[in-house]
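Structure record follows, encoded as structure tokens.
Derivation of every value follows stated rules applied to the coordinates shown; laboratory data play no part. Since this is a predicted model, take the numbers as computed values, not measurements. Note that each Cβ is placed from the backbone with ideal geometry, even for glycine, and that neighbours are counted across all protein chains shown.
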Ligand code: CA
């Protein structure tokens, strides 16, 4: 049909309506959400992920979809965010899922469990190894839709007031430790404490606890833990690559327009990459600073790691016997982790070890 006869048949108003309909019919609605983080604002890395998500979502929707971010304790206590998302008090929370192992240890698979996976392996499991489906099914009971949204990479083992030379040195130690790491350590005599990030320093300073782990050099230095406990051990074997998540209330998520859902999902992917990159970029300088400040850096001995590994395996078997939800994820998770270890030792590990050895030889980093 020629343009002229088309106008004749439909009239100008008809043409305007037809041509403008796709724009106005799907006008972007204003959506305002509240996000409660479990972390203090002073930690730009781990709290920062919430802001990365909020900024990307606003920038991608011409500010129509706004997520206001609140630090731990501002509107919801750091460990109260699952309840708040579950009952719809807030639309979403940024947190470490393993904090909620007291509700069910199965939460910890969505974050980290002792002698688990590193950052890349955790991503592989979640995005392409069946982990997301398993966790989404589990979180349904809590009205939660989860999105991986950050990772710290392998953590440090924490600051101790006294030297830890053998497994026996753990006996009677009151230690702040995140997630399920405290369960196997209990078998070695540790009295684990769950304390939010913002409250760790005063507890260690007052002597309420004897040791505390948080994340790694950059965050740990900010919390000032080295000022009251000099011995800094590694690795944090209970957190090889802990994932942080955006927990979204299922109804709030379903009510979002499809494009906002997609934008939110993309923003969480971004936060997942951005946080790890930030930690990796910032940790080396922070570690040097800590050592220059008198921190005694040391690895946990093989004897200690072996004892912890044994206690961990026993713990998993015990939980699996009692908890069908845990067992359902643990079995495929374990097979996936073991395959990952077998793969990573081939090329990645050989490459890393050679580069580390080269750095040692040159004393200035890898030779040119
Ligand atoms: Ca930790």
| What percent antiparallel are the DSSP beta bridges of the chain, to the nearest 5? | 45
| Cα radius of gyration and Dmax for segment 175-248 (Å) | 12.5, 39
| task | Highest first, please rank the peptides 172-178, 354-360, 59-65 by the mean number of other Cβ atoms sitting within 10 Å of their residues. | result | 172-178, 59-65, 354-360
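Expressed as a whole percent, how much of the Cα-Cα distance distribution for segment 98-227 exceeds 17 Å? Mind showing how you got there, number by number?
Values: 5212 of 8385 pairs.
Looking at segment 98-227, the distances longer than 17 Å represent 62 percent of pairs.
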| remark: Under the 7 Å Cα-to-Cβ spin-label approximation, residue 262 and residue 27 lie apart by a distance in nanometres of 2.2
| Which angle between 0 and 90 degrees, to the nearest 10, do you get for helix 302-322 versus the longest principal axis of the chain when only C-alpha atoms count? | 50
| task | Report the FRET efficiency, 1/(1 + (r/R0)^6), for residue 360 and residue 301, where r is their Cβ-Cβ distance and R0 is 25 Å, rounded to 0.05. | result | 0.80
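Taking segment 250-317 on its own, what percent of its Cα-Cα pair distances exceed 15 Å?
75
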| message | Counting only helical runs of four or more DSSP H residues, what would the 222 nm mean residue ellipticity of the chain come to if each run contributes -39,500 (n - 2.57) and the total is spread over all its residues? | response | -15000 deg cm²/dmol
| query | Quick one: if you stick a label point 7 Å off each Cα along the C-beta vector at residue 343 and residue 328, how many nm between them? | reply | 2.5
| remark: Computed curve, segment 52-97, Cα-only Debye sum without solvent term, log₁₀ I(q)/I(0) at 0.19, 0.26, 0.28 Å⁻¹, is -0.64, -0.94, -1.00
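Using the C-alpha atoms of segment 248-368, what convex hull volume per residue, in cubic angstrom, is computed? Don't skip to the answer; put the middle values down first.
Values: hull volume 28.0 nm³, N = 121.
With only Cα atoms used, segment 248-368 gives 232 Å³ per residue.
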| Angle between the chain longest axis and helix 324-344 axis [Cα atoms, degrees, rounded to 10] | 80
| note | Cα-only Rg/Rh for segment 145-189 with Kirkwood Rh rounds to 1.08
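Evaluate E = 1/(1 + (r/R0)^6) for residue 313 and residue 136, where r is the Cβ-Cβ distance and R0 equals 22 Å; express this FRET efficiency to the nearest 0.05. Can you show the working numbers first?
Values: r = 27 Å, r/R0 = 1.23.
Given R0 = 22 Å and the Cβ-Cβ separation, E is 0.20.
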| said: Using only the Cα atoms of segment 160-211, what are the Rg and Dmax in Å? | reply: 10.7, 30
| query | Tell me, how many Å apart are the Cα centres for segment 102-143 and for segment 201-222? | reply | 27
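Treat segment 47-171 as a sphere of radius equal to its Kirkwood radius over Cα pairs and apply Stokes-Einstein at 10 °C in a medium of 1.306 mPa s; give the translational diffusion coefficient in µm²/s, rounded to a whole number. Don't jump to the answer; show the numbers that get you there.
Values: Rh = 16.7 Å.
This corresponds to a translational diffusion coefficient of 95 µm²/s.
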| Mean projected area in nm² (Cα convex hull; one quarter of hull surface) for the chain | 24.6
| Quick one: what Rg and Dmax do you get for segment 102-157 from the alpha carbons, in Å? | 11.5, 33
| task | Give me the angle, in degrees from 0 to 90, between the Cα long axis of helix 348-362 and the longest principal axis of the Cα atoms of the chain, rounded to the nearest 10. | result | 60
